[in-house]
Every structure is written in C-alpha cells, then in structure tokens.
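Colleague: Provided herewith is a single structure, encoded as structure tokens, for subsequent inquiry.
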Amino acid sequence: MKQDIYGCDVTLANENALQAWNKTLHGFLAHSASTGITLGETLEFKPEFALAHSCKGLFSLLLGRKELNEVATEAFAAAKASDKQNPVSERERHFINALGAWLEGSLRKAILEMESVLAKWPHDALAMKLSHAIMFMLGDSHGMRNLLENLTEAYFGHTAEGYFNGCYAFTLEETGEYIKAEKQGRRALELAPDDAWGLHAIAHIFDMTGRAKEGLEWIDGKQAAWQHCNNFRYHVWWHIALMHLDLGNYDKVLELYDEDIRKDKTDDYRDISNATSVLLRLEFEGVDVGDRWQELSDLSAARTDDNCVAFADLHYMMAFCGNFDEKPATQPLQNMQSAETGHHNELASIIHKPGVLAATGLEAFRDQNFALAHDCLSKARPTLQEIGGSHAQRDVFERLAIESALRGGLTTQAKSLLQERDLHRGYKDSYSESRWRAIKSGSRSGAPQIAGVAAKNIA
Ligand SMILES: [Fe+2]
C-alpha cells in the first residue's frame with residue numbers, strides 16, 4: 001500500500017492521484033487556495049477514493065453554508081459506495097464515520113472519530129488539523145490544546161512539524177499562555193514559512209498582550225506566509241487592521257478594509273465576520289464608516305436561513321443592525337429562535353443558546369435599548385465561547401456589552417465588564433483605557449467623538 005506525505009497508508013495505487021492528494025493535504029494544513037482544486041484533481045484521477053470524498057464532505061461542512069450540506073451528503077454517499085466496492089482501511093473509515101456523525105448533527109462524535117485515528121496513527125496530520133478545525137468551531141480551546149499536547153512527541157521531525165506548531169501556538173494563545181505560544185508560533189514559521197495559521201497565531205498574541213506597534217513591525221514583509229491562502233488571507237489583514245485600530249490609525253483601518261479585507265465582496269461567513277466586526281469597532285470609536293454596511297447587509301440577506309453556525313448567524317445579524325435594516329434583522333432572529341426545532345443537532349443548540357441571546361442583544365443595541373442589550377449580552381457571555389472563533393473575534397461582543405452598559409448608564413456593570421476584560425488580557429488596550437476615562441469623567445461613551453451613523457443613533 002502507498003503512503004501519503006505524512007507516512008499514512010492510503011488506498012491509492014494511482015501515482016497521479018497520490019500526488020494530487022499530497023498537495024491537498026499540504027494545502028489544507030497551509031490554508032492554501034489550491035486545496036479545493038487539488039482535491040478535485042485527486043477525485044478525477046481516482047473517483048472511488050473514499051477518503052477524498054470524506055474530506056470533500058468535511059471541508060464543505062467547515063464552510064458553514066446551508067447549500068453545502070447537500071454537497072456533504074452526496075460526498076458521504078460516494079464515500080460509502082466506494083467503501084462497499086473497495087473496502088477502505090480502518091483509518092480511512094474513521095473519516096467516513098466522522099462525516100456521517102457531523103451530518104447527523106454531532107461534531108463531538110466527529111471529533112471522537114478523529115481522536116480514534118490519532119490514538120493509532122498520531123502522525124496523521126490530516127486528522128490532527130481536522131480535529132483542530134472542528135474544535136475551533138465549538139470554541140473548545142482547551143480541547144484543542146489537550147489534543148495537541150498528547151501528540152507532541154509524534155511531531156518532532158515530522159513533515160508537518162511547522163503546521164503542528166502553528167496549531168499548538170494558537171491553542172496556547174487561546175488558553176492564555178502567551179510566552180510559550182509566541183515561541184511555538186515563531187518556530188512554526190521557521191519550519192513552514194507558508195504557515196499562515198501559525199503567523200496568525202502570533203498576530204493574536206500581539207493583540208492579547210497589547211503590542212500592536214511591535215506586531216505591525218513584525219508582520220511587515222511576511223506576506224509570503226499568507227498570500228497563497230484562500231479567504232483566510234482576509235482574516236490576516238483583519239488582524240493587521242485591529243493593530244492599527246488599537247493605535248488609533250482609523251484612516252489606515254478603513255484603507256485596509258477597502259483594499260484588502262473587503263477587496264473581494266464575498267459572502268463567506270468568515271469574511272462577513274471580519275468586515276462587520278471591524279466596522280462596529282470603528283463606530284464604537286466614533287468613526288463614520290459611510291455606506292460600507294450596505295453591501296454586507298445585502299449579502300447577509302441571502303443567508304438568513306442558513307442556521308448552520310451561530311457565529312455566522314450573529315455576524316449576518318450584525319450586518320443588518322449596523323445598516324439599521326428593520327425587516328431583515330427580525331427575520332434572522334426568528335430563524336435562529338426556531339433553529340433547534342428544525343435541526344436536532346449540537347450547532348443548532350448553540351444557535352439557540354447563547355446565539356439568540358446575543359442576537360437579541362445586538363438588535364436591542366441597534367434600537368438603543370441599552371439596558372436590554374446589556375442584559376442579553378451579559379446573559380450570553382458565560383457560554384459565548386461555544387459560538388466558536390477566537391477571543392479576538394468574540395471581543396466585539398465584549399465591547400458591545402461594555403458599550404451597552406456605558407450608554408445605558410449602567411456604570412457598575414460597565415466597570416465589572418472592563419475589569420474582567422482587562423484581567424483576561426493582562427493589560428489595558430486603548431479601547432479599555434478610553435472607556436475607563438469615560439467612566440471617570442461620567443461620560444456615557446468612551447469614544448473620543450461620535451460621528452456618522454453611530455452619532456445619529458446615540459441619544
Ligand atoms: Fe484570528
């Protein structure tokens with residue numbers, strides 16, 4: 001039996017198919033734009049390769065789009081048919097089972113299937129990265145970290161050692177161990193210069209440790225690490241924009257927004273989340289963002305009944321609220337409220353709670369009902385991590401809760417939220433500093449000035 005680049009046996013006799021498959025594995029680990037293309041080539045060379053069908057299904061589900069559930073279902077059927085025709089290996093069957101478990105609504109079972117692979121074949125970097133990606137969707141940072149720490153030995157000298165370190169750096173950062181995280185992240189890039197995820201883990205560390213200026217200097221000239229990426233490259237630009245935001249370079253943030261973050265007007269939920277959350281952060285600082293909400297709201301309107309991932313639904317909702325769209329904002333909230341009865345699955349449960357609470361908070365903030373907004377967002381906070389994403393991404397909801405408290409005159413609650421945020425980060429960023437100043441001066445907004453859309457809607 002032939003082996004892939006990571007030394008795992010694969011039921012692939014066709015040399016062309018194996019080469020395309022190896023490129024797919026590398027592409028998936030590096031977040032390369034070519035991954036889908038080489039996966040398609042693998043299946044052209046070997047249409048009955050069940051593992052590739054399984055990955056096609058799993059990769060589709062990771063994108064959190066309703067229409068791709070059908071693609072994943074078809075891929076699952078193709079994988080099972082291939083297995084029946086030419087029985088797959090035990091390792092490969094776990095991938096088929098993982099896809100089946102997710103389609104039935106259980107990401108936890110899908111993760112268990114990947115963990116079964118790693119228990120026997122710890123060097124399987126595909127299973128390692130897939131587990132990492134699925135746990136990320138559940139916001140399970142400790143799960144991600146534990147999994148990788150159990151695999152450390154297997155990745156010394158491994159072909160994917162760099163990417164492993166990049167993933168590990170991210171989990172260390174998300175669990176608050178910043179010094180070790182930075183060391184691992186830098187090691188990741190030394191070993192794998194195209195490791196965009198590792199580079200991005202370091203960007204997270206600069207954010208969480210209040211080193212925006214140093215972060216910008218460090219990332220300058222490292223574009224080769226992420227220019228090969230799929231839409232993940234927009235997310236790296238988003239991180240750079242956040243560093244500029246912290247330094248008060250609002251014109252630069254808008255320039256990055258127009259030229260990089262929204263260079264392509266995509267409706268991928270991760271791209272919409274980058275865009276909406278940076279616009280809202282800018283408005284919190286009193287920046288007039290012009291009509292930039294409109295295209296986000298227009299694109300989000302087509303996705304209001306997706307209900308695949310709470311994180312996605314909340315950012316579609318953010319687009320409507322930012323754009324002050326009365327009707328569309330009501331519809332996704334209703335869809336989120338009914339998600340659990342429509343789909344009995346883990347992701348739907350998260351949409352129901354804390355998703356609906358956070359969405360109600362967003363809508364209340366839009367309506368200037370700051371007391372209700374604060375109430376809903378405070379209730380959502382303890383479990384908000386379950387919507388997935390990173391601390392940096394969910395920080396927009398932290399800021400939203402703080403803004404709600406400040407604007408609602410709930411000073412004690414605002415102080416408490418700020419204290420918790422500062423404690424978590426271990427320092428005060430410019431956002432925090434300005435809000436503490438606002439509390440001291442008795443202002444209801446920490447923004448230096450309120451302009452544009454935000455100004456029209458703040459009493
Ligand atoms: Fe990130």
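Colleague: For region 368-389, name all the residues that are within 16 Å of the ligand (Cβ to nearest atom) and among the aliphatic types (A, V, I, L, M).
Modeller: 387
Colleague: Ok, one more. Can you pull out the helices (runs of 4 or more DSSP H) entirely within region 221-310 that have at least 2 residues that are within 23 Å of residue 198 (Cβ to Cβ)?
Modeller: Per the criteria, 232-246, 269-284.
Colleague: A follow-up question, please. Looking at region 246-264, is at least one residue under 21 Å from the mean Cα position of the chain (by Cα) and of a type in the set (Gly, Ala, Ser)?
Modeller: No - not one qualifying residue is present in region 246-264.
Colleague: Criterion first (farther than 13 Å from residue 328 by Cβ, surrounded by 22 or more Cβ atoms within 10 Å (Cβ to Cβ) and either over 14 Å from the mean Cα position of the chain (by Cα) or in the same structural domain as residue 239 (by TED's automatic domain parsing) (or both)) does residue 287 satisfy it?
Modeller: The answer is yes for residue 287.
Colleague: When the residues of region 281-326 are narrowed to those that are among the polar types (S, T, N, Q) and closer than 25 Å to residue 245 by Cβ, which ends up modelled with the lowest pLDDT? If you could, list the steps in order and put the result at the bottom.
Modeller: Filtering region 281-326 down to residues among the polar types (S, T, N, Q) leaves 294, 297, 300, 304, 307, 323.
Filter again for closer than 25 Å to residue 245 by Cβ, leaving 294, 297, 300, 323.
Working: 294: 96, 297: 95, 300: 95, 323: 88.
Checking each candidate, the answer is 323.
Colleague: Now a separate question. Identify, please: which residue in region 311-327 is in a helix (DSSP H, G or I) and of a type in the set (Asp, Glu) and is, among those, surrounded by the most Cβ atoms within 10 Å (Cβ to Cβ)?
Modeller: Within region 311-327, the match that is surrounded by the most Cβ atoms within 10 Å (Cβ to Cβ) is 313.
Colleague: If I ask for residues that are away from the ligand (no atom under 16 Å from the Cβ) and either crowded, with 21+ Cβ neighbours inside 10 Å or touching a residue at least 12 places away in the same chain (Cβ under 8 Å) (or both), which ones from region 218-239 would you list?
Modeller: Across region 218-239, the qualifying residues are 224, 228.
Colleague: With the checklist (1) under 27 Å from residue 200 (Cα atoms); (2) without any contact (Cβ under 8 Å) to a residue 60 or more places away in the chain; (3) surrounded by fewer than 21 Cβ atoms within 10 Å (Cβ to Cβ) in hand, flag the one item residue 71 doesn't pass.
Modeller: (1)
Colleague: Would you call residue 49 closer than 19 Å to residue 78 by Cα, modelled with pLDDT of 95 or more and among the hydrophobic types (A, V, I, L, M, F, W, C)?
Modeller: In short, yes.
Colleague: Test residue 365 against the criterion of being closer than 23 Å to residue 304 by Cα, within 16 Å of the ligand (Cβ to nearest atom) and of a type outside the set (Gly, Ala, Ser), and give yes or no.
Modeller: It is false that residue 365 is closer than 23 Å to residue 304 by Cα, within 16 Å of the ligand (Cβ to nearest atom) and of a type outside the set (Gly, Ala, Ser).
Colleague: As an exercise: evaluate residue 331 against (1) modelled with pLDDT under 85; (2) crowded, with 24+ Cβ neighbours inside 10 Å; (3) more than 20 Å from residue 271 (Cα to Cα) and give the number of the one condition it does not meet.
Modeller: Single failed check for residue 331: (2).
Colleague: Let me ask you something else. Working only within region 201-211, note down all residues that are within 15 Å of the ligand (Cβ to nearest atom) and touching a residue at least 40 places away in the same chain (Cβ under 8 Å).
Modeller: Going residue by residue through region 201-211, those that are within 15 Å of the ligand (Cβ to nearest atom) are 201-209.
Matches in region 201-211: 203, 204, 207, 208, 209.
Colleague: Go through (1) at pLDDT below 95; (2) in contact with a Ser or Thr (Cβ under 9 Å, 6 or more places away or on another chain); (3) not in a loop (DSSP other than H, G, I, E, B) for residue 210 and report which single condition fails.
Modeller: (3)
Colleague: If you go through region 160-181, how many residues are polar (S, T, N, Q) and either surrounded by 19 or more Cβ atoms within 10 Å (Cβ to Cβ) or touching a strand residue (DSSP E or B) at 6+ places or on another chain (Cβ under 9 Å) (or both)?
Modeller: Of the residues in that region, 2 qualify.
Colleague: Can you tell me which of 106, 131 is surrounded by 24 or more Cβ atoms within 10 Å (Cβ to Cβ) and of a type in the set (Gly, Ala, Ser)?
Modeller: Just a single option satisfies the conditions, and that option is 131.
Colleague: Which residue out of 383, 360, 330 is in contact with a Cys (Cβ under 9 Å, 6 or more places away or on another chain) and either without any contact (Cβ under 8 Å) to a residue 40 or more places away in the chain or outside any helix (DSSP H, G or I) (or both)? Working first, answer last.
Modeller: On the way: 383 fails: in contact with a Cys (Cβ under 9 Å, 6 or more places away or on another chain); 330 fails: in contact with a Cys (Cβ under 9 Å, 6 or more places away or on another chain).
Sole residue among the options that is in contact with a Cys (Cβ under 9 Å, 6 or more places away or on another chain) and either without any contact (Cβ under 8 Å) to a residue 40 or more places away in the chain or outside any helix (DSSP H, G or I) (or both): 360.
Colleague: Next up: Can you pull out every residue in region 403-433 that is in a helix (DSSP H, G or I) and touching a residue at least 40 places away in the same chain (Cβ under 8 Å)?
Modeller: First pass over region 403-433, keeping only residues in a helix (DSSP H, G or I): 403-407, 411-425, 430-433.
Once the filter is applied, which keeps residues that are in a helix (DSSP H, G or I) and touching a residue at least 40 places away in the same chain (Cβ under 8 Å), region 403-433 yields 403, 404, 406, 407, 424, 425, 430, 431.
Colleague: For the condition part of a helix (DSSP H, G or I), within 16 Å of the ligand (Cβ to nearest atom) and under 20 Å from residue 25 (Cβ atoms), what is the one hit in 215, 198?
Modeller: That would be 198, the only listed residue that is part of a helix (DSSP H, G or I), within 16 Å of the ligand (Cβ to nearest atom) and under 20 Å from residue 25 (Cβ atoms).
Colleague: Now for a separate question. What about residue 254, is it free of Cβ contacts under 8 Å to residues at least 60 places away in the same chain and more than 16 Å from the ligand (Cβ to nearest atom)?
Modeller: yes
Colleague: Do the conditions hold for residue 220, that is, is it of a type outside the set (Gly, Ala, Ser) and under 30 Å from residue 321 (Cα atoms)?
Modeller: Working: of a type outside the set (Gly, Ala, Ser): yes; under 30 Å from residue 321 (Cα atoms): no.
Here the answer is no, as residue 220 does not meet what is asked.
Colleague: Need the failing condition index for residue 29 against (1) surrounded by fewer than 21 Cβ atoms within 10 Å (Cβ to Cβ); (2) touching a Lys or Arg at 6+ places or on another chain (Cβ under 8 Å); (3) among the hydrophobic types (A, V, I, L, M, F, W, C), just the number.
Modeller: With (1) surrounded by fewer than 21 Cβ atoms within 10 Å (Cβ to Cβ); (2) touching a Lys or Arg at 6+ places or on another chain (Cβ under 8 Å); (3) among the hydrophobic types (A, V, I, L, M, F, W, C) applied to residue 29, the lone miss is (1).
Colleague: Just to be sure before I move on: is residue 161 more than 16 Å from the ligand (Cβ to nearest atom) and farther than 25 Å from residue 62 by Cβ in the structure I sent?
Modeller: Judged against the criteria, residue 161 is not a match.
The values are calculated or read from the model by the stated rules, or taken from the named source; none is laboratory data. As the structure is a computational prediction, the values presented were derived from the model and not from experiment. Note that we place each Cβ from the backbone using ideal geometry, even for glycine, and neighbour counts take in every protein chain shown.
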